[in-house]
Amino acid sequence: QEQTFVMVKPDGVRRGLIGSIVARFEQKGFALAAIELLQIDRELAEQHYGELRQKPFFGELVDYLTSGPVCAMVWQGEHAVENARALIGKTNPVEAAPGTIRGDYAMDIAGNIVHGSDSAASAAREIGLFFGKHAAA
Ligand code: ATP
């Protein structure tokens with residue numbers, strides 16, 4: 001079965017939303033394959049968001065991601081990548097539908113609570129980055 005990488009970002013952890021977010025994935029039917037609370041360093045944040053290195057907000061994004069612990073998770077199930085993206089909602093919380101995680105818990109794109117891999121290839125790369133080879137399918 002497909003795996004995807006999901007991360008509760010520091011604002012989500014600070015606001016006590018790990019439990020609510022985990023509950024949504026469990027209720028949807030995903031199986032939890034790995035979970036870890038960790039403080040990431042700038043190098044890992046920069047590698048994780050490597051595709052965005054040229055964006056004007058990249059420095060701010062790395063500051064945000066390293067501002068406190070994150071909760072890194074691997075969730076498994078049918079069409080895990082697409083199902084997780086649907087649960088999480090649009091990148092900009094202003095556009096995210098009510099009922100989605102960002103639609104229900106976030107106000108602004110610079111603090112959008114949660115990350116989910118955008119493809120199976122990204123998921124494999126991100127799982128490797130955060131969990132080494134152990135959690136890979
Ligand atoms: P994620 O990878 O976090 O799941 P995404 O794939 O939905 O998000 P991307 O376009 O890859 O969206 O952007 C990655 C992250 O960069 C966003 O989740 C957000 O935290 C941040 N970001 C994107 N656009 C902006 C912006 N204009 N200003 C500030 N931060 C932004």
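With respect to the numbered conditions (1) within 13 Å of the ligand (Cβ to nearest atom); (2) hydrophobic (A, V, I, L, M, F, W, C); (3) under 16 Å from Lys9 (Cα atoms), which one is the sole condition not fulfilled by Val94? The one condition Val94 does not meet is (3). Screening Gln47, Gln1, Gln27 for residues that are away from the ligand (no atom under 15 Å from the Cβ), in contact with a helix residue (DSSP H, G or I) (Cβ under 8 Å, 6 or more places away or on another chain) and polar (S, T, N, Q) leaves exactly one candidate, Gln1. Every listed requirement among (1) over 15 Å from Ile109 (Cα atoms); (2) more than 13 Å from the chain's Cα centre (by Cα); (3) not charged (D, E, K, R) is met by Met7 save one, (2).
All conditions but one from (1) touching a residue at least 24 places away in the same chain (Cβ under 8 Å); (2) under 14 Å from the mean Cα position of the chain (by Cα) apply to Lys90; the one that does not is (1).
Name the single residue, out of those in segment 67-91 being of a type in the set (Val, Ile, Thr) and within 9 Å of the ligand (Cβ to nearest atom), that is surrounded by the most Cβ atoms within 10 Å (Cβ to Cβ). Residue satisfying both the conditions and the ranking: Ile88. When Ala124, Ala97, Ala110, Ala120 are checked against the criterion of being surrounded by fewer than 21 Cβ atoms within 10 Å (Cβ to Cβ), more than 13 Å from the chain's Cα centre (by Cα) and free of Cβ contacts under 8 Å to residues at least 12 places away in the same chain, Ala97 stands alone in meeting it. Pairing each residue of segment 24-41 that is closer than 14 Å to Ile127 by Cβ and exposed (fewer than 12 other Cβ atoms within 10 Å of the Cβ) with any residue that is among the small types (Gly, Ala, Ser) and at pLDDT below 95, provided the two are 6+ apart or on different chains, yields no C-beta distance under 8 Å.
The values are calculated or read from the model by the stated rules, or taken from the named source; none is laboratory data. Nothing here was measured: the structure is a model prediction, and the numbers come from that model. So basically every Cβ, Gly included, is an ideal-geometry build from the backbone, and we count neighbours across all protein chains shown.
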